[in-house]
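Below you'll find the structure, written out as C-alpha cells, and then a few comments.
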Amino acid sequence: MQKPDLDFVIAALEKIRETNDRLPRASRNKLAQLTVARAQPVRAGLAPDASDRRQVTPSNKEALLAPIRERVSACTKCPHLASSRTQTVFGVGNPDADLMFVGEAPGFDEDRHGEPFVGRAGQLLTRIIKAMGFAREEVYIANVLKCRPDMPAGAYGNRAPTPQEMQTCRPYLVEQIDIIQPRVVVALGAVAVEGLLGTRGTMRELRGRWHSYSGVPLMITYHPAYLLRNQSLSEKRKVWEDMLQVLERLEKPVSEKQRNYFKE
Ligand code: SF4
C-alpha cells in the first residue's frame, strides 16, 4: 500500500470511528498501528532495515512489534506446525531491551503457555538473567521458530527444528531484532546459532567469544537445557563466564561476588 493510500485509509477509519457507533469500527489499537505504519517507509509490510533505523524510537517499538505478532499468530507457512501447535510463541519482554536472548523453538510448556522459556530450562534461564542483575521483564526473549516442532502421536519430549523450518520462520526473528535493536544478542545453543547465522559448529568452537549478527555483538553460550543435563560446576562456570562478557559489553557493573559465581 502506498503512503497516500494509507493516509486515505487512516482518515476514513478515523471518520468512521468518530461518526458511526455501528460495525465496522476501527479500534484505537488498529489506528495506532496504521499511524505507526504511515511513519515507516513502505517495504511490503516489513520492518525497517538498517538505513531506516532512525524511524524506530523506544516509544514506538511495541507498536511496531504488534503487527508482526499478529502475522505470526495467523501464520501457516509450515502447515504441519500450524496444525499441531496450541498457539504461536512470539517473544516476551522489554521491546526496548539492551539484551536479547534467542533460543531455538518452543517446547511442550511454551506451546501451552504461549511464552518462550517457561519450562525447566526457562526457569534456569530466568535465574541466570537475575544473577546478571536484570529482571526477566527487562530483557527480551524469543526463539528462531515461533511454533513448537511437531512430535509423532504419543511421543514424549521435544524435537529440534529442521533447517527448513528455521529458514521459513527466521524472517520474523529478523524483524523483531531490527525493531528491538538490542545492544547484545545471546544465542542459546548450536541450533539457535544455526537459525541466526546459518552456520553450523560445535559449541566448543562457537561459545565464549564474540560473533556478529548484522552488526550486533552476538555471544554464543550453552542452552540452559544443556546445564540441566550436565550439572557440573565447570559447565555452569563456562556459561557464567560468557554472561560476564555480556555484562562487560553492556558496561554493567559486576560485583566481586558475581565475578566469582561457580568458581571451583
Ligand atoms: S514455525 Fe514460523 S513460519 Fe512456520 S508456521 Fe510457525 S510461525 Fe509460521
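So which strands (runs of 3 or more DSSP E) stay within region 133-215 end to end and still have 2 or more residues that are buried (at least 23 other Cβ atoms within 10 Å of the Cβ)?
140-143, 184-188
Name the single residue, out of those in region 129-177 being at pLDDT 95 or above and aromatic (Phe, Trp, Tyr), that is farthest from the ligand (Cβ to nearest atom).
Among residues in region 129-177 that are at pLDDT 95 or above and aromatic (Phe, Trp, Tyr), the one farthest from the ligand (Cβ to nearest atom) is PHE134.
Residues are listed down the side, and each one gets a yes or a no for (1) under 15 Å from PHE134 (Cβ atoms); (2) in a helix (DSSP H, G or I):
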| residue | (1), (2) |
| --- | --- |
| GLU235 | no, yes |
| TRP240 | yes, yes |
| LEU244 | yes, yes |
| LYS263 | no, no |
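Tell me the residue from ARG200, ARG209, ARG170, ARG229 that is charged (D, E, K, R) and touching a residue at least 12 places away in the same chain (Cβ under 8 Å), please.
ARG170
Identify the residue in region 70-84 that is assigned to a loop (DSSP other than H, G, I, E, B) and open to solvent by 40 Å² or more (accessible area, probe 1.4 Å) and, among all such residues, is farthest from the ligand (Cβ to nearest atom).
Checked region 70-84; the qualifying residue farthest from the ligand (Cβ to nearest atom) is ALA74.
Just to be sure, is ARG183 within 26 Å of ALA74 (Cβ to Cβ) and touching a residue at least 60 places away in the same chain (Cβ under 8 Å)?
no
Quick one: ILE129 ticks every box in (1) open to solvent by 10 Å² or more (accessible area, probe 1.4 Å); (2) more than 13 Å from the chain's Cα centre (by Cα) bar one, so which box is it?
Going through the list (1) open to solvent by 10 Å² or more (accessible area, probe 1.4 Å); (2) more than 13 Å from the chain's Cα centre (by Cα), ILE129 breaks only (1).
The values are calculated or read from the model by the stated rules, or taken from the named source; none is laboratory data. Keep in mind that this is a model prediction, so the values were computed, not measured. For neighbour counting, all protein chains shown are included, and Cβ atoms are generated from backbone atoms with ideal geometry for every residue, glycine included. Each accessible area value is taken on the protein alone, full model and side chains, heavy atoms only, with ligands, DNA and RNA left out. Shrake-Rupley method; radii C 1.70, N 1.55, O 1.52, S 1.80 Å.
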